[in-house]
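Visitor: Just dropping this structure here.
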Amino acid sequence: MCELADDASPLDDVLAAIARYHARPHDLDREPALIAEDMIRLRRGLDILELDFSGHAAAFAATDESDRQGALSPIGWMQSNLRMSGHAAASAM
C-alpha cells in the first residue's frame with residue numbers, strides 16, 4: 001500500500017483511497033442486486049469526482065497555461081496530456 005506523508009493533500013488522500021479500493025479482492029460472484037447497488041454508489045462517487053474535475057478544467061482554461069505549454073487550446077492540452085477525446089475535454093469545461 002502507499003504510505004502518505006503527514007502533509008498529504010486532500011487529493012493525495014482520495015487517490016490513496018482509490019488505490020486501496022482498486023486493490024481489494026474483486027468479488028463479482030454475488031447477488032445481482034448487490035452488484036447493482038455497488039454500481040449506483042460507485043457512479044455517484046464518479047459523478048462527484050467528475051464535477052470536481054470540471055471545476056479544475058474550467059479554472060485551467062481561464063489561464064494561458066495551455067499556450068505556455070505549446071498547446072493550441074485548453075481542449076488540445078487536455079487531449080494530449082490527459083488522453084481525453086475533444087468531446088470529453090470540451091464537456092469537462
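Visitor: State the label only: which of (i) 34, 31, 25; (ii) 50, 35, 18; (iii) 55, 26, 19 corresponds to Cα extents along the principal axes in Å computed from the shown model?
Guide: Comparing each candidate, only (ii) matches the computed number.
Visitor: I've got another one for you. I'd like the FRET efficiency for Ile40 and Ser9, computed as 1/(1 + (r/R0)^6) with the beta carbon distance as r and R0 of 35 Å, rounded to 0.05.
Guide: After rounding to 0.05, the efficiency reads 0.75.
Visitor: Test of understanding: in a Gaussian network model of the chain with alpha carbons linked when under 10 Å, which of Glu31, Glu65, Glu50 would top the mean-square fluctuation ranking?
Guide: Of Glu31, Glu65, Glu50, the Gaussian network model singles out Glu31 as fluctuating most.
Visitor: Going through the DSSP H helices of the chain, which span 27 Å or more along their own axis at the Cα atoms while scoring at least 0.0 as a mean Kyte-Doolittle hydropathy?
Guide: Details: long enough: 32-61 (42 Å, 0.45).
Helices passing the filter in the chain: 32-61.
Readers should treat all values here as calculations from the given coordinates under stated rules, not as data from a laboratory. Because the structure is a prediction, the values reported are computed rather than measured. Positions of Cβ are backbone-derived with ideal geometry, glycine not excepted, and every protein chain shown enters the neighbour counts.
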